[in-house]
1. Could you identify the single residue in THR398, THR370 that is more than 50 Å from the chain's Cα centre (by Cα) and polar (S, T, N, Q)?
2. State all residues of the range 393-437 that are buried (at least 21 other Cβ atoms within 10 Å of the Cβ) and either aromatic (Phe, Trp, Tyr) or not in a helix (DSSP H, G or I) (or both); if no residue qualifies, say none.
3. I'm trying to understand the selection: among the residues of the range 488-508, which are among the β-branched types (Val, Ile, Thr) and either in a loop (DSSP other than H, G, I, E, B) or not assigned by TED's automatic domain parsing to the domain that holds PHE566 (or both)?
4. Given the condition on the phi > 0 side of the Ramachandran plot and out of contact with any Cys (no Cβ under 8 Å at 6 or more places or on another chain), answer yes or no: does some residue in the range 423-444 qualify?
5. Just the residues that are of a type in the set (Asp, Glu) and closer than 20 Å to HIS310 by Cα, please, taken from the range 402-431.
6. Exactly one condition in (1) touching a residue at least 24 places away in the same chain (Cβ under 8 Å); (2) of a type in the set (A, V, I, L, M); (3) more than 24 Å from GLY443 (Cα to Cα) is not met by ILE243; state its number.
7. Need the failing condition index for TYR342 against (1) out of contact with any Gly (no Cβ under 8 Å at 6 or more places or on another chain); (2) in a loop (DSSP other than H, G, I, E, B), just the number.
Amino acid sequence: MAFDGVTIANVVSEMKRELIGGRLYKIAQPEEDELLLTIKHPTGQKRLSISAGASLPLIYLTEKNKPSPMTAPNFCMLLRKHLQNGRITDISQPGLERIVRIQIEHLDEMGDLCHKTLVTEIMGKHSNIIFCDDDGTVIDSIRRVSAAVSSVREVLPGKPYFMVQTQNKLDALSTDYDTFRTVLSARPQPAFKALYGSFTGISPVLAQELCYEAGIDGEQPTAAMDEAGFRSLFEAFTNMVNIVLEERFSPNIAYTGKKPVEFAALPLTMYSGGEDSLVPYTSMSALLEHYYAEKSTLTRIRQKSSDLRHVVQTALERTVKKYDLQLRQMQDTEKRDTYRVYGELLNTYGYGAQPGAKTLEALNYYTGETIAIPLDPTLTATENAKKYFDKYNKLKRTYEALSQLTMEVRSEIDHLESISAALDIALHEEDLAEIREELTESGYIRRKSGVKKQKHVSKPYHYISSDGFHMYVGKNNYQNDELTFRFATGNDWWFHAKKLPGSHVVVKLGNAEELPDRTFEEAARLAAYYSRGRDQEKVEIDYIQKKHVKKPGGAKPGFVVYYTNFSMAIDSDISGIQQVTDQGANTL
């Protein structure tokens with residue numbers, strides 16, 4: 001999945017159509033490396049999301065707003081100072097470089113007309129958003145780059161801005177056939193690698209598509225290609241260039257089965273037939289938002305939850321080590337009954353032991369077999385019996401103590417694994433706040449002095465089944481308890497992955513007498529998806545009416561017991577289940 005130069009050309013085309021002539025109404029910086037620009041345009045209000053995140057840099061038009069911090073970061077304040085109410089005059093992309101330039105005119109403090117440029121560089125971990133004066137001087141950037149960080153270019157206030165040339169690729173938009181053939185022939189590589197390695201803006205998947213359209217094998221070395229092959233490949237290449245120049249883009253996502261595998265601004269015709277299919281989109285921005293929205297959210301929330309994950313992982317590793325040690329100690333107590341039997345048999349048959357003997361053969365009246373009892377030759381039979389009874393009693397006490405301890409430690413492991421699973425499905429900061437509170441109440445995080453417990457507003461996931469039944473999914477242990485024991489009524493149905501950490505799923509029965517089979521299956525899929533087993537081909541799901549689910553006294557949050565239940569094995573595909581955007585039940 002490549003955010004290549006052709007994809008950016010598609011986005012720039014949309015931006016030019018939607019934003020030029022508009023005025024910057026709001027400038028926000030919801031994340032450390034992300035801007036959200038709201039533009040008032042004659043055709044209506046638009047939003048532009050720009051991310052310079054190292055893991056997922058993006059730029060696209062969106063209709064969604066994002067909450068911003070109470071205090072705006074310095075870079076955001078600087079942009080507001082200079083650009084608030086500024087008018088967008090031009091949007092451009094140099095060649096097929098992964099760079100977008102937004103030209104903005106505004107009035108300064110003296111009322112004079114000024115021009116500024118906001119440059120977005122989509123370059124992986126080197127991505128940046130750079131604010132420049134009309135003479136190309138850097139005013140500031142969302143990520144400052146000093147000489148200590150980069151020997152190629154400094155991005156600091158007062159430094160001149162220039163575009164870095166590090167790959168020595170040719171401009172795909174101005175290449176003739178002779179240059180095309182000469183450059184590819186000079187690279188002894190498979191044709192598709194030579195193609196994307198020689199020209200800007202072309203990703204590996206697009207290079208493979210051009211080879212496919214040309215009717216040649218992309219893995220074929222350029223040295224083995226004949227004149228007809230080069231001509232055919234250049235024809236496909238020229239067709240791509242004309243589509244870019246004429247802005248005739250056709251954004252689409254290629255699927256293999258139900259899994260999205262690639263996207264591009266041009267039809268990926270190599271994905272056709274069999275399990276492969278193409279889904280077209282009306283705009284590249286809509287495609288990017290659909291394709292990357294969940295991934296971007298997960299990336300952000302994983303960064304913000306890293307401290308909680310470290311706490312949980314550290315506690316889990318420590319607790320598992322303790323549990324393993326206790327199990328080994330439990331194994332050492334397995335001989336306790338043998339020592340008891342030795343003691344009893346010595347009391348019964350000890351009179352037959354010879355002084356100084358090292359063993360005594362006796363009939364084990366529990367099994368009917370003759371066994372050899374080891375003896376300490378310095379002790380009498382009675383003293384040996386006492387020694388064995390002492391060992392038995394010691395191991396018995398150890399076993400009884402460890403039996404309780406291992407249950408408690410196993411419960412702690414289950415609790416920590418359930419918190420880890422909750423972190424995996426958390427999508428919002430409110431979800432993390434509840435998990436942090438649970439870790440604090442459980443003693444894994446120390447509550448700061450003077451900080452009181454806060455009530456959080458995170459709500460369960462809310463779905464509607466194909467038959468119209470409301471289905472709710474707890475995001476963490478607190479919500480699981482709320483759903484099961486405060487929100488659900490006796491005849492509602494309850495679902496959970498068998499012997500796996502995961503969410504409680506509650507289906508409201510309403511006025512119906514019974515759930516349809518399809519709703520049972522959809523609720524089970526939700527329980528499978530929101531469990532630690534979501535990547536398995538099938539997950540076993542227990543389901544039962546809520547009235548049969550109990551919470552033992554003193555049990556940890558989210559822990560329940562039930563004794564009679566139904567089960568089904570099902571996949572975790574929830575793509576066809578409708579989710580309600582309010583994300584929860586208002587009664588919770």
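1. Details: THR398 fails: more than 50 Å from the chain's Cα centre (by Cα).
Just one listed residue meets the conditions, THR370.
2. The one that is buried (at least 21 other Cβ atoms within 10 Å of the Cβ) and either aromatic (Phe, Trp, Tyr) or not in a helix (DSSP H, G or I) (or both): ALA426.
3. Pass one, the range 488-508, residues among the β-branched types (Val, Ile, Thr): 489, 505-507.
Correct list: THR489 only.
4. Within the range 423-444 (the criterion being on the phi > 0 side of the Ramachandran plot and out of contact with any Cys (no Cβ under 8 Å at 6 or more places or on another chain)), the answer is yes, since at least one residue qualifies.
5. Step one: of the range 402-431, the residues of a type in the set (Asp, Glu) are 408, 412, 414, 417, 424, 429-431.
Once the filter is applied, which keeps residues that are of a type in the set (Asp, Glu) and closer than 20 Å to HIS310 by Cα, the range 402-431 yields GLU412, ASP414, GLU417, ASP424, GLU429, GLU430, ASP431.
6. (1)
7. Only one criterion is unmet by TYR342, namely (2).
Conditions tested, residue by residue: (1) under 30 Å from CYS76 (Cβ atoms); (2) touching a Gly at 6+ places or on another chain (Cβ under 7 Å).
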| residue | (1), (2) |
| --- | --- |
| ASP135 | yes, no |
| ILE139 | yes, no |
| GLY158 | yes, no |
| LEU184 | no, no |
| ARG187 | no, yes |
| ALA191 | no, yes |
| LEU206 | no, no |
| SER232 | no, yes |
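The values are calculated or read from the model by the stated rules, or taken from the named source; none is laboratory data. Being a predicted model, the structure only gives us computed values, none of them experimental. Cβ: placed from backbone, ideal geometry, glycine included. Neighbour counts: every protein chain shown.
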